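Following: one structure in structure tokens, then a few remarks.
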Amino acid sequence: MVGREFQRSNGSLKEIFAFVRGFFRDHGLVEDGAWNVDLVLEELFTNIVKYGRPSNEPIEVHLGYEAPFLTIRLRDRDSDFFDPTAVPDADTARPIVERSAGGLGLHFVRRMAERFEYTYEDRVSTITVSTRLES
Amino acid sequence: MFEIRSLPDGSTHLVGRLDASEVDQARRALEALSGPLTLDCSRLDYISSAGIGLLVETYKRLHAAGHAFRLVNLLPRVRNVFAYAGLDRILTLE
């Protein structure tokens, strides 16, 4: 896998999207698949920024590809236990006037993911998502 | 990069990527808009849950004032995100 560290801020998103584009280019992947990867990464990364511990520790983002699956891994080296795979799914059947602004991010991740896993050890949270890339 | 462009013909366009790093600026721009609102999304490249949440907020504000809110000319990948959220059956998407 190829990895990079990003500051724990929503302001890192542009660098993360550029990292994804670079990975797709380096691996000869069709760019259309990158939009879903952007979405999964944004939802998981911003979730850590919003709900994770206040910390100066950067967040690691890793990407790997083994056809037809692209694997996304985020490692937060200064975290409390929080398992995003255990969060109940958003109720997308609710009337719009009852919807809150949040709660959809992990729902999107589940829609994209063939595999969605979480591990926690020695204050390190690791989230792994695999998504199928259409050829 | 994201921006809201109002053209001389009266149309309003969402342009670029509406992600979590852009929602604060986008919220200030959308809050300045009132009345029935149609947003042309033909140049909206990307939207995440943060952007969806902002557009739902805008819908609620205008709906409460009795105004229509429509999104038109969505790219298929952007429309898919609305569909994942179950909003394609609720918001007026054209």
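The values are calculated or read from the model by the stated rules, or taken from the named source; none is laboratory data. Since the structure is predicted, the reported quantities are computational estimates derived from the model, not experimental observations. Methodologically, a virtual Cβ is constructed for each residue, glycine included, from the backbone with ideal geometry; neighbour enumeration extends over all protein chains shown.
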Exercise. Residue check, A:Arg77 against (1) closer than 17 Å to A:Glu117 by Cα; (2) surrounded by fewer than 19 Cβ atoms within 10 Å (Cβ to Cβ); (3) at pLDDT below 95, all met but one. Which one?
Worked result: (3)
Problem set entry | Search result, residues across segment A:91-121 that are more than 17 Å from the chain's Cα centre (by Cα) and either surrounded by fewer than 19 Cβ atoms within 10 Å (Cβ to Cβ) or touching a residue at least 12 places away in the same chain (Cβ under 8 Å) (or both) | A:Asp91, A:Thr92, A:Ala93, A:Arg94, A:Pro95, A:Ile96, A:Val97, A:Glu98, A:Ser100, A:Ala101, A:Glu121
Exercise. Cβ-Cβ below 9 Å, separation at least six or inter-chain, first residue in segment A:1-27 and within 13 Å of another protein chain (Cβ to nearest Cβ), second basic (Lys, Arg): which pairs?
Worked result: A:Asn10/A:Lys50; A:Leu13/B:Arg17; A:Lys14/B:Arg17; A:Glu15/A:Arg4; A:Ile16/A:Arg4; A:Phe17/B:Arg17
Seminar exercise, completed: The condition of being β-branched (Val, Ile, Thr), under 20 Å from A:Val124 (Cα atoms) and within 13 Å of chain B (Cβ to nearest Cβ) holds, among A:Ile48, A:Ile72, A:Ile59, A:Ile96, only for A:Ile48
Problem set entry | Residue satisfying condition, being more than 14 Å from the chain's Cα centre (by Cα), free of Cβ contacts under 8 Å to residues at least 60 places away in the same chain and exposed (fewer than 15 other Cβ atoms within 10 Å of the Cβ), within set A:Pro68, A:Pro88, A:Pro58 | A:Pro88
For this session: With respect to A:Ile96, determine if the residue is of a type outside the set (Lys, Arg) and closer than 29 Å to B:Arg61 by Cα.
Result: yes
Problem set entry | Selected residue (only one of A:Val124, A:Val87 is away from chain B (no Cβ under 14 Å) and more than 19 Å from B:Leu87 (Cβ to Cβ)) | A:Val124
Seminar exercise, completed: With criteria (1) free of Cβ contacts under 8 Å to residues at least 40 places away in the same chain; (2) surrounded by fewer than 19 Cβ atoms within 10 Å (Cβ to Cβ); (3) of a type in the set (Phe, Trp, Tyr), A:Phe45 comes up short on (2)
Exercise. Using beta carbons and a limit of 7 Å, which pairs, at least six apart or on different chains, have the first residue in segment B:9-28 and without any contact (Cβ under 8 Å) to a residue 24 or more places away in the chain and the second one surrounded by fewer than 21 Cβ atoms within 10 Å (Cβ to Cβ)?
Worked result: B:Ser21/A:Asn10; B:Ser21/A:Gly11; B:Ser21/A:Lys14
Seminar exercise, completed: For segment B:48-90, the count of residues that are aromatic (Phe, Trp, Tyr) and in contact with an Asp or Glu (Cβ under 8 Å, 6 or more places away or on another chain) equals 1
Exercise. Given (1) under 25 Å from A:Asp38 (Cα atoms); (2) out of contact with any strand residue (DSSP E or B) (no Cβ under 6 Å at 6 or more places or on another chain); (3) among the aliphatic types (A, V, I, L, M), where does B:Val81 come up short, assuming only one miss?
Worked result: (2)
Exercise. For segment A:32-76, which residues satisfy the criterion of being assigned to a helix (DSSP H, G or I) and aromatic (Phe, Trp, Tyr)?
Worked result: A:Trp35, A:Phe45, A:Tyr51
